[in-house]
Amino acid sequence: MRQTLSTLLLVFLSGLQYTHAQGPATDTLSGKESAKHHFYVKLPGQISFNLSLNSLEDWDANDFFYTISNPVKKHIQYFEDSMNRQPAFQNILDIEKKPNADYEQLNFRQVAPAASEMVFKDGTYYQLKNSIDSLWYTSYVSGPQTRQGTAAPEEKQLLITAKSLADIGTLTMAQVQNVRQQMDSMVQAARLKAKRHNSKLYSSKSGWSLSETGEQASTFSDQKPFMKIVNNFKLGVSYGAIVFNNSISPTMELNLGYILKRSRQHATFIGLNYSLFSEIDLRNRNNLVGYLPLNLEVGTIRNNAGLMQRKTSIGYGMMLKTTKESGYSTTHYLFNMQLNFAFSNTLSSSLMIASQFRRDPEHYVLGVSFKYNL
């Protein structure tokens with residue numbers, strides 16, 4: 001039994017050591033991808049900068065320049081002797097700076113390569129370095145909610161990678177200044193993009209990169225947080241008159257739309273459209289024909305706060321035609337199509353076509369309405 005337990009313990013320790021040796025990449029990037037915005041700049045010589053921000057407002061170009069030029073280089077110099085002892089290992093340096101703290105917390109470690117690669121030259125074996133070094137500098141940003149104790153500090157992270165961590169300490173002031181300008185240009189472009197997508201209602205994610213050859217790439221997506229979905233619902237109220245089937249009637253229209261996508265000036269929506277109008281027999285006012293169109297519509301509106309304005313849309317649905325004559329009422333269902341156009345923020349018009357087609361061609365509506373939008 002004792003021999004069996006010893007064998008199992010040896011196998012477990014061997015597997016644990018193998019797993020640790022196989023995971024330098026996951027060890028480097030563990031828990032570092034939660035930020036919403038990422039900016040990447042690649043320099044010649046296998047040195048790259050990856051800035052991660054939860055909020056675009058956390059970017060500070062001067063702080064970026066100071067961090068690389070002073071504390072980063074100073075910390076690398078402190079661990080330089082330790083890095084040179086094992087040139088084939090991956091060196092990882094984590095630096096954390098808490099809000100309003102007068103110190104930085106550092107964690108330096110070396111990770112064995114997943115595979116040992118060697119070359120034989122002039123009768124000597126040389127071990128190759130097959131994993132790049134990395135330095136994580138994490139600055140925790142203290143916002144109003146953090147100071148009130150209702151939220152945790154947000155993370156602003158900078159990842160610098162190089163074939164050798166010591167190479168980062170050799171960056172010239174001109175190189176650091178150039179990276180700062182490139183980062184600032186990308187962040188400003190991301191801010192402009194987010195502003196166009198109405199940042200008050202939307203949260204956004206973006207990725208911006210610049211390669212060592214000058215090739216640029218960017219991605220941007222907007223997300224609607226669950227608690228703010230209600231802000232994307234828009235209500236429209238309008239009233240006016242409709243001319244239809246050689247008759248004229250007052251009309252009122254209600255719209256409930258949900259914003260799908262916003263641009264600088266317009267927003268695409270999908271929603272429900274409901275209106276009401278009637279036809280009165282002037283010779284017998286007890287006779288009445290009421291029309292209740294209910295449509296599912298899609299279109300665009302002016303991208304502004306408040307009620308739906310400058311709506312251009314098309315809607316399909318059903319129209320209920322209720323006829324009351326001599327004390328009896330009957331209901332007919334018509335297929336309905338409606339086109340909506342806007343003349344201004346307050347004036348609009350609609351073309352309405354409804355029919356039962358071949359089933360009963362006598363029941364139809366062909367009309368044009370002119371409305372005032374609240």
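The numbers here are math on the coordinates, done by the rules we state, and not lab data. Please read all numbers here as calculations on a predicted model, not as lab measurements. We place every Cβ from the backbone using ideal geometry, glycine too, and count neighbours over all the protein chains shown.
Against the compact-protein benchmark of 2.2 N^0.38 Å, the Cα-based radius of gyration of segment 63-194 scales to 1.31. Phi angles across segment 338-354 convert, under the Karplus curve 6.51 cos²θ - 1.76 cosθ + 1.60 with θ = phi - 60°, into 3J(HN,Hα) values of 9, 10, 10, 10, 10, 8, 7, 5, 10, 10, 8, 9, 9, 10, 10, 10, 9 Hz, Gly and Pro given as x.
If you plug the beta carbon distance of residue 252 and residue 218 into 1/(1 + (r/R0)^6) with R0 = 41 Å, you get a FRET efficiency near 0.30. Residues whose amide H falls under 5 Å from that of residue 373, counting only those 5 or more places apart or on a different chain, are 347, 348, with hydrogens built in the peptide plane.
Taking label points 7 Å from Cα along the Cα-to-Cβ direction, residue 122 and residue 323 give a separation of 10.6 nm. Residues whose amide H falls under 5 Å from that of residue 234, counting only those 5 or more places apart or on a different chain, are 257, 258, 259, with hydrogens built in the peptide plane.
Each residue of segment 228-373 gets 111 Å³ once the volume of the Cα convex hull is shared out per residue. Rounded to the nearest Hz, the phi-derived 3J(HN,Hα) couplings of segment 166-179 under the Karplus curve 6.51 cos²θ - 1.76 cosθ + 1.60 (θ = phi - 60°) are 5, 5, 5, x, 8, 4, 7, 4, 5, 5, 5, 5, 5, 5, where x marks glycine and proline. Ordering 81, 167 by the number of other Cβ atoms within 10 Å of each residue's own Cβ, fewest first, gives 81, 167. Under 5 Å between amide hydrogens, built in the peptide plane, is the criterion, and for residue 309 it picks out 302 among residues at least 5 positions away or on other chains.
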